[in-house]
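First the structure, in the form of structure tokens, and then the observations on it.
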Amino acid sequence: VHGCELTRYTRPPRLLPEAIVCALGERIARALAHAHRRGIVHRDLKPGNVLIDLPTGRLKLADFGIAGIADAARTRTGVVLGTPRYMAPEQMEGSHAVDHRSDIYSLGVVLYEMLTGEVPAGHFDPPSKKVEVDVRLDHVVLRSLAQEPQRRYQHASDVKTDVEFISRTAR
């Protein structure tokens, strides 16, 4: 697959400009929405699994090696797979309740990292408290990172819509 990993651009001290974070966030959310519509949960979304083809600007999600069908009856309870720093709480617990909202949590981690250069852990400040970014992005990131799946965005397409709106109406 052509492209370089997003990790190449998210390592401190390099921070991506807000407009680029929004553009990448929209594309990642669009790709997740596409997978989710087909019943696929990625389960390991992280910058290392996002590839960017620099000449074309195309973005691809990679490594669907632990992806699962979005059907709780087919998920084994007690099996923890993924990259811990990017995993949703229910995924860390090995819960059978892992679904597309777990990917939305991981997207929130990726957005936070692209904006601040840090992975959120424990108690953390909203992105706008750490770097100069549009405070409306705080809502998107924090809602994506809600501990309870029912409090998160319910669809990746909704994350895409909100980030797209912020991008279009940037000051």
Residue ID - farthest from GLU26 (Cα to Cα), chosen from residues in segment 156-171 that are modelled with pLDDT under 95 and open to solvent by 60 Å² or more (accessible area, probe 1.4 Å): ARG171
task: Output the residue which, of all residues in segment 4-34 that are outside any helix (DSSP H, G or I) and crowded, with 17+ Cβ neighbours inside 10 Å, is modelled with the highest pLDDT.
output: LEU6
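Mind listing just one residue for me: the one in segment 130-147 that is open to solvent by 40 Å² or more (accessible area, probe 1.4 Å) and free of Cβ contacts under 8 Å to residues at least 24 places away in the same chain and, of those, nearest to ARG27 (Cα to Cα)?
HIS139
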field: Top-ranked residue in segment 104-117 [being more than 12 Å from ALA146 (Cα to Cα) and in contact (Cβ under 8 Å) with a residue 40 or more places away in the chain; ranked as surrounded by the fewest Cβ atoms within 10 Å (Cβ to Cβ)]
entry: GLY117
- prompt: Has segment 129-144 got any residue that is assigned to a helix (DSSP H, G or I) and more than 17 Å from TYR112 (Cβ to Cβ)?
  reply: no
query: Just to be sure, is ILE52 farther than 26 Å from ALA170 by Cβ and either modelled with pLDDT under 90 or within 17 Å of the chain's Cα centre (by Cα) (or both)?
result: no
field: Verdict on ILE66 being at pLDDT below 95, open to solvent by less than 60 Å² (accessible area, probe 1.4 Å) and of a type in the set (A, V, I, L, M, F, W, C)
entry: yes
query: Does TYR153 satisfy the criteria of being open to solvent by less than 50 Å² (accessible area, probe 1.4 Å), assigned to a loop (DSSP other than H, G, I, E, B) and at pLDDT 85 or above?
result: yes
query: In segment 46-56, which residues are closer than 11 Å to HIS2 by Cα and assigned to a loop (DSSP other than H, G, I, E, B)?
result: LEU54, PRO55, THR56
- prompt: Restricting attention to segment 36-45, which residues are in contact (Cβ under 8 Å) with a residue 40 or more places away in the chain and in a helix (DSSP H, G or I)?
  reply: HIS36
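Count, please, the residues in segment 39-48 that happen to be farther than 18 Å from ALA97 by Cα and either open to solvent by less than 30 Å² (accessible area, probe 1.4 Å) or more than 12 Å from the chain's Cα centre (by Cα) (or both).
In the first step, residues of segment 39-48 are kept if they are farther than 18 Å from ALA97 by Cα; the result is 46-48.
With the extra rule that they be either open to solvent by less than 30 Å² (accessible area, probe 1.4 Å) or more than 12 Å from the chain's Cα centre (by Cα) (or both), the set shrinks to 47-48.
Within segment 39-48, residues that are farther than 18 Å from ALA97 by Cα and either open to solvent by less than 30 Å² (accessible area, probe 1.4 Å) or more than 12 Å from the chain's Cα centre (by Cα) (or both) number 2.
The values are calculated or read from the model by the stated rules, or taken from the named source; none is laboratory data. Quick caveat, the model's predicted, so the values are computed rather than measured. We place every Cβ from the backbone using ideal geometry, glycine too, and count neighbours over all the protein chains shown. The area values use the complete protein model at the heavy-atom level, side chains included, leaving out ligands, DNA and RNA. Shrake-Rupley method; radii C 1.70, N 1.55, O 1.52, S 1.80 Å.
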